Amino acid sequence: MTKIAVVALGGNALTRLGQSGTAEEMAGNAAAMAACVNDVMEAGWRVVVVHGNGPQVGNLALQQEATTAVPPQPLAMLSAMTQGELGSLIATAINTLRGPGAAAALVTHVTVSRADPAFAAPSKPIGPFYGADEAQHLAEARGWVVHQDSGRGYRRVVPSPEPIGIVEISAIRALVDAGCLVIACGGGGIPVDTSGGHVAVIDAVIDKDRAASLLARLLGAQALVLVTAVDHVMINYGTPRQAKLGLITMAEAERHLRDGQFPPGSMGPKVEAALAFLAGGGEWAAITSPDLVAATLSGEDWAGTRIERAPSRVGQEG
């Protein structure tokens, strides 16, 4: 049976910390990631890539507000723009390694509920980091909601509703079955409401890890890999008892989540997305860095944090 892996990349993997987000920087980062994904495909996996877009959509929003010469576009449309931009970069990088047509980028719409409580409590960071004074000024001047992001500064936050369906799932499945590497649900997908019998775009940003988890479940994927800046998930972070997690059970991950080991603004959403995938029938999920993606999908227990429903060997490294 052909194995399917959904690999979720952060928007920061394409515009790295300290970079401004030039086309050359993003193309170079996409090429590095494509090399990792190509190793996975060479090992026999069919791959679907989901990418974040926080830095890129934030930059587009700044461009929109920097001029009155053209009308500003809503956030959902900026997300669509980044799907085309980043999808093209990733597809071009993959096609460079595997030949023209090996990859296909699909603009994807993801259904949400208008009743989702996230609309009353914006929480999804987008765009660049700001100092406290600049963040306060922008919040007052532009009507933004800003929050501190993991101690690295302040960022604009927007509503992030739960994804409940994917409009283009049949097309994605057909492309996967045809052997294409598919880039889908970029930035979590364009949020839409389909409850009235038609598609209505909603201004919000969907968490790309939750979208990737849903996509993996709908495709019947065997593996979900959530790529982040660190090799392993930590427990007791910043204390003398700090330890990195290797191969663990679903029950252990659930216990650590209940104990508050994974903060909502950090690893919490990734662990929740991984657990939702496993609860929906997935075999295993991993949270790791770009350098360890191929090793993780090769079954190397040391490579990243791997969560299984009932693995035969579990443990954590101190």
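The values are calculated or read from the model by the stated rules, or taken from the named source; none is laboratory data. All figures in this text were calculated on a predicted structure; none of them were measured in a lab. Cβ: placed from backbone, ideal geometry, glycine included. Neighbour counts: every protein chain shown. These area figures cover heavy atoms from the full protein model, side chains too; ligands, DNA and RNA do not enter into them. Shrake-Rupley method; radii C 1.70, N 1.55, O 1.52, S 1.80 Å.
Quick notes on this structure:
- Count - residues of segment 90-103 that are open to solvent by 40 Å² or more (accessible area, probe 1.4 Å) and within 18 Å of GLY21 (Cα to Cα): 1
This table checks each residue for (1) within 26 Å of LYS270 (Cα to Cα); (2) hydrophobic (A, V, I, L, M, F, W, C); (3) not in a loop (DSSP other than H, G, I, E, B).
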site: ILE126; (1), (2), (3): yes, yes, yes
site: PHE129; (1), (2), (3): yes, yes, yes
site: HIS137; (1), (2), (3): no, no, yes
site: ARG156; (1), (2), (3): yes, no, yes
site: ARG173; (1), (2), (3): yes, no, yes
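- Subset of segment 57-87 that is open to solvent by less than 10 Å² (accessible area, probe 1.4 Å) and within 27 Å of ALA141 (Cβ to Cβ) - its residue that is modelled with the lowest pLDDT: GLY58
- Selected residue (only one of THR22, THR15 is closer than 24 Å to LYS270 by Cβ and either touching a residue at least 40 places away in the same chain (Cβ under 8 Å) or open to solvent by less than 60 Å² (accessible area, probe 1.4 Å) (or both)): THR15
- In segment 105-124, of all residues being of a type outside the set (Gly, Ala, Ser), open to solvent by less than 40 Å² (accessible area, probe 1.4 Å) and out of contact with any Cys (no Cβ under 9 Å at 6 or more places or on another chain), the one that is modelled with the lowest pLDDT corresponds to PRO122.
- Here GLU42 passes the criteria (1) buried (at least 22 other Cβ atoms within 10 Å of the Cβ); (2) out of contact with any Asp or Glu (no Cβ under 7 Å at 6 or more places or on another chain) except the one numbered (1).
- Of VAL112, VAL107, all but one fail to be touching a strand residue (DSSP E or B) at 6+ places or on another chain (Cβ under 9 Å), in contact (Cβ under 8 Å) with a residue 12 or more places away in the chain and over 17 Å from GLY11 (Cβ atoms); the exception is VAL112.
- Within segment 39-95, the set of residues being hydrophobic (A, V, I, L, M, F, W, C), under 30 Å from SER298 (Cβ atoms) and either assigned to a helix (DSSP H, G or I) or touching a Cys at 6+ places or on another chain (Cβ under 6 Å) (or both) comprises VAL40, MET41, VAL50, LEU86, LEU89, ILE90, ALA91, ALA93, ILE94.
- Taking each residue of segment 83-100 that is in contact (Cβ under 8 Å) with a residue 12 or more places away in the chain and looking for partners that are of a type outside the set (A, V, I, L, M) and not in a helix (DSSP H, G or I) with beta-carbon atoms closer than 8 Å, six or more apart or interchain, yields GLN83/ASN53; GLN83/THR108; LEU86/HIS51; LEU86/ASN53; GLY87/HIS51; ILE90/HIS51.
- Within segment 279-305, tally of residues that are surrounded by fewer than 16 Cβ atoms within 10 Å (Cβ to Cβ), in a helix (DSSP H, G or I) and at pLDDT below 85: 1
- Within segment 192-213, considering residues that are charged (D, E, K, R) and outside any helix (DSSP H, G or I), the one surrounded by the most Cβ atoms within 10 Å (Cβ to Cβ): ASP207
- Scanning segment 157-183 for residues that are under 30 Å from LEU138 (Cβ atoms) and open to solvent by less than 50 Å² (accessible area, probe 1.4 Å) yields VAL157, VAL158, PRO159, SER160, PRO161, PRO163.
- Any hit, segment 125-136, residues being at pLDDT 90 or above, open to solvent by 30 Å² or more (accessible area, probe 1.4 Å) and closer than 30 Å to GLY44 by Cα: no
- Residues being closer than 19 Å to MET41 by Cβ, touching a helix residue (DSSP H, G or I) at 6+ places or on another chain (Cβ under 6 Å) and of a type in the set (Val, Ile, Thr) - total across segment 56-104: 2
- Identification of strands (runs of 3 or more DSSP E) wholly contained in segment 214-278 with 1 or more residues that are under 27 Å from THR111 (Cβ atoms) and open to solvent by less than 20 Å² (accessible area, probe 1.4 Å) yields 223-227.
- Filter result for ALA30 (in contact (Cβ under 8 Å) with a residue 12 or more places away in the chain, in contact with a Leu (Cβ under 6 Å, 6 or more places away or on another chain) and outside any strand (DSSP E or B)): yes
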